[in-house]
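Trainee: Quick one: this structure, given as structure tokens, is what I'll be asking you about.
The values are calculated or read from the model by the stated rules, or taken from the named source; none is laboratory data. Quantities reported herein were computed from a predicted structural model and do not represent experimental measurements. Cβ coordinates were reconstructed from backbone atoms using ideal geometry, including for glycine residues, and neighbour counts include every protein chain displayed.
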Amino acid sequence: MNTRITEHPILGEQQTGTLVTFTCDGKELQGYEGEPIAAALKAADVMVHRYTKKDHKPRGIFCAIGRCTDCVMIVDGQPNVRTCVTPLKAGMKVQTQYGVSDKPFEEQ
């Protein structure tokens, strides 16, 4: 089953670009350059982007238009990056975030 997002409500139809490699929590994955990071993660069956600090609940894609904070992750060391609207680039280091801190989930 193909789980790749091919049309985004704000960004429009996604064109398939160059296949690139990036990491998520140390695991090497592939996606298409320029597609939202969240789309590449969903295609790789990665659905949890962060955990809430108070209740430790998993969060992932919710609004998919950059309005909420459910899909925020640490990208190349920068916390709170909205992955649903941030384009994927080759070599990106993406990490599951804990709350709204700059600490990856595994460090909590």
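Trainee: How many residues are in contact (Cβ under 8 Å) with a residue 12 or more places away in the chain and either more than 18 Å from TYR98 (Cβ to Cβ) or assigned to a loop (DSSP other than H, G, I, E, B) (or both) when one looks only at region 55-69? Explain how you work it out, then say what you get.
Mentor: Of the residues in region 55-69, the ones in contact (Cβ under 8 Å) with a residue 12 or more places away in the chain are 59-61, 63-66, 69.
Now restrict to residues that are either more than 18 Å from TYR98 (Cβ to Cβ) or assigned to a loop (DSSP other than H, G, I, E, B) (or both): 60-61, 63-66, 69.
Going through region 55-69 one residue at a time, the tally reaches 7.
Trainee: Looking at VAL94, VAL85, can you tell me which residue is at pLDDT 95 or above and surrounded by 13 or more Cβ atoms within 10 Å (Cβ to Cβ)? Steps first, please.
Mentor: On the way: VAL85 fails: at pLDDT 95 or above.
Checking each option against the conditions leaves just VAL94.
Trainee: Determine, yes or no, whether ASP76 is acidic (Asp, Glu), in contact with a Ser or Thr (Cβ under 7 Å, 6 or more places away or on another chain), touching a residue at least 12 places away in the same chain (Cβ under 8 Å) and more than 22 Å from GLU13 (Cα to Cα).
Mentor: Details: acidic (Asp, Glu): yes; in contact with a Ser or Thr (Cβ under 7 Å, 6 or more places away or on another chain): no; touching a residue at least 12 places away in the same chain (Cβ under 8 Å): yes; more than 22 Å from GLU13 (Cα to Cα): yes.
Considered against the rule, which asks whether it is acidic (Asp, Glu), in contact with a Ser or Thr (Cβ under 7 Å, 6 or more places away or on another chain), touching a residue at least 12 places away in the same chain (Cβ under 8 Å) and more than 22 Å from GLU13 (Cα to Cα), ASP76 comes out as no.
Trainee: Here's a follow-up. Which residues, counting only those in region 70-93, are farther than 16 Å from THR23 by Cα and not in a loop (DSSP other than H, G, I, E, B)?
Mentor: So in region 70-93, the residues farther than 16 Å from THR23 by Cα come out as 70-71, 80, 82, 84-85.
Passing the criteria: ASN80, ARG82.
Trainee: Right, here's the next one. If the requirement is being more than 10 Å from the chain's Cα centre (by Cα), at pLDDT below 90 and not polar (S, T, N, Q), which of these qualifies: PRO79, PRO104, PRO58?
Mentor: Details: PRO79 fails: at pLDDT below 90; PRO58 fails: at pLDDT below 90.
Within the list PRO79, PRO104, PRO58, the selection yields PRO104.
Trainee: Here are the criteria: (1) closer than 20 Å to GLN97 by Cβ; (2) at pLDDT below 90; (3) not β-branched (Val, Ile, Thr). Tell me which single one GLN14 does not satisfy.
Mentor: All conditions are met except number (1).
Trainee: Return the residue satisfying two criteria in turn: it lies in region 21-53 and is part of a loop (DSSP other than H, G, I, E, B) and free of Cβ contacts under 8 Å to residues at least 24 places away in the same chain, and of such residues it is farthest from VAL85 (Cα to Cα). Full working, then the answer.
Mentor: Keep residues of region 21-53 that are part of a loop (DSSP other than H, G, I, E, B), which gives 25-26, 33-35, 44-49, 52-53.
Filter once more, keeping what is free of Cβ contacts under 8 Å to residues at least 24 places away in the same chain: 26, 44, 46-47.
Details: GLY26: 22, ALA44: 17, VAL46: 16, MET47: 16 Å.
Top of the filtered list is GLY26.
Trainee: Working only within region 19-54, note down all residues that are farther than 14 Å from VAL94 by Cβ, out of contact with any Pro (no Cβ under 9 Å at 6 or more places or on another chain) and modelled with pLDDT of 90 or more.
Mentor: Listed by number, the residues that qualify are LEU19, TYR32, ASP45.
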